[in-house]
Amino acid sequence: MTVQTEILTLIKQAKTIIIHRHQRPDPDAIGSQLGLADIIKTSFPDKRVLAPGKQYHGFDWLGQMDTVTEADYQDALVLVLDTANQPRVDGEFYNTGKQLVKIDHHPNDDAFGDPQWVDVDASSTSELVYQFYAASKDELTLTPNAARLLYAGIVGDTGRFLYDATKPSTMRAAAALMEAGADATAVNRIEDTITLPVARLSAYVYEHLTQLDSGAAYVILTNDIMDSFEIGDASTAGVVPLPGRIDTVQSWAIFVQQKEGDYRIRLRSKGPSINGVAKLHGGGGHPLASGAKAKDQAEIETVVRELDQVDRDYQKEV
Ligand code: AMP
């Protein structure tokens, strides 16, 4: 039995299915969560399907989150999507159900759940949910809304098919989702749209980027800077890919100060693996897209030194 059929069997056996995703969600987290919820609800109308988590207005276009209580978890099948480690799960009761299942495409550093379906070669968890549907097409229904949600997740995590996680299978999944009713143009346009404050912050990022000879680059966004652009942490996602467009930049870090004073580190790369640096600072992630935390300016300087070293080592390798 494949892990997909094992998960389908568990879904069929459960009366209540609760689907979680990670905190500070992106389109893949919400798209895979709500996309799978839609597939299960439509295919098995008698089942109770809940998708909890914080509602972010910027993602209202994807759908609404459900409110849950601890009582909902009694005998429930809990599926955690797109979330590598348990502290990142959005939802306090996720491990109080009858059974916990992990579906993810991040490195499996925190191997929780049974079964675990982890495929680090998949572009996104939304692509995995599409594969789940495709493996049992005769028993499952994919509505145009579910197709739109999964397409949104794939587009989000591949940077509109730009990153190297984009495989022929990704394009086939995207094509099938378009055929199932996903309005690709509408989704692409929404994900490409930025607010005027983010446009202005983009200019700041380019203007204040420090680039080292190794190809490492960084910018620090303090609370004062973000306040001056009337921007919060959630809006920084739009500027994270920008340094990568510069030909001489290989890897980069964006330090985003938090209200408590420490910094969220958003690390990206076009070649050198940067998740080792993230792990040194309480974080992790993919080789080319990771995150961590820095408590102060001194730790920022350490991260920059480490990133510089990673890029130097990479230059020697290639
Ligand atoms: P972000 O810059 O927050 O979009 O993070 C990029 C990727 O890094 C995510 O998809 C996660 O895989 C990973 N990541 C971010 N923050 C953390 C963290 N604190 N711990 C572990 N992994 C993280």
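Points to keep in mind about this one:
- Scanning region 69-85 for residues that are within 16 Å of the ligand (Cβ to nearest atom) and either polar (S, T, N, Q) or open to solvent by 70 Å² or more (accessible area, probe 1.4 Å) (or both) turns up THR83, ASN85.
- ILE231 meets all of the listed conditions (1) modelled with pLDDT of 95 or more; (2) away from the ligand (no atom under 13 Å from the Cβ); (3) among the hydrophobic types (A, V, I, L, M, F, W, C) but one, namely (1).
- Among the conditions (1) modelled with pLDDT of 95 or more; (2) of a type outside the set (Phe, Trp, Tyr); (3) open to solvent by 30 Å² or more (accessible area, probe 1.4 Å); (4) more than 14 Å from the ligand (Cβ to nearest atom), the only one that LEU162 does not satisfy is (1).
- When region 117-134 is filtered for residues that are in contact (Cβ under 8 Å) with a residue 60 or more places away in the chain and among the polar types (S, T, N, Q), the ones remaining, listed by number, are SER124, THR125, SER126, GLN131.
- Of all residues in region 20-56, those satisfying the criterion of being open to solvent by 10 Å² or more (accessible area, probe 1.4 Å), free of Cβ contacts under 8 Å to residues at least 60 places away in the same chain and not in a helix (DSSP H, G or I) are PHE44, PRO45, ASP46, LYS47, ARG48, VAL49, LEU50, GLY53, LYS54, GLN55.
- Matching residues in region 211-226 - criterion: being touching a helix residue (DSSP H, G or I) at 6+ places or on another chain (Cβ under 9 Å) and free of Cβ contacts under 8 Å to residues at least 40 places away in the same chain: GLN211, ASP213, ALA217, VAL219, LEU221, ILE225, MET226
- Count of region 224-245 residues which are among the aliphatic types (A, V, I, L, M) and open to solvent by less than 10 Å² (accessible area, probe 1.4 Å): 3
The values are calculated or read from the model by the stated rules, or taken from the named source; none is laboratory data. Note that this is a predicted model, so its numbers are computed, not measured. A quick note on method: Cβ atoms are made from the backbone with ideal geometry, for glycine too, and the neighbour counts reach across all protein chains shown. Ligands, DNA and RNA are stripped out before the accessible areas are found, and what is left, the full protein with its side chains, is counted by its heavy atoms. Shrake-Rupley method; radii C 1.70, N 1.55, O 1.52, S 1.80 Å.
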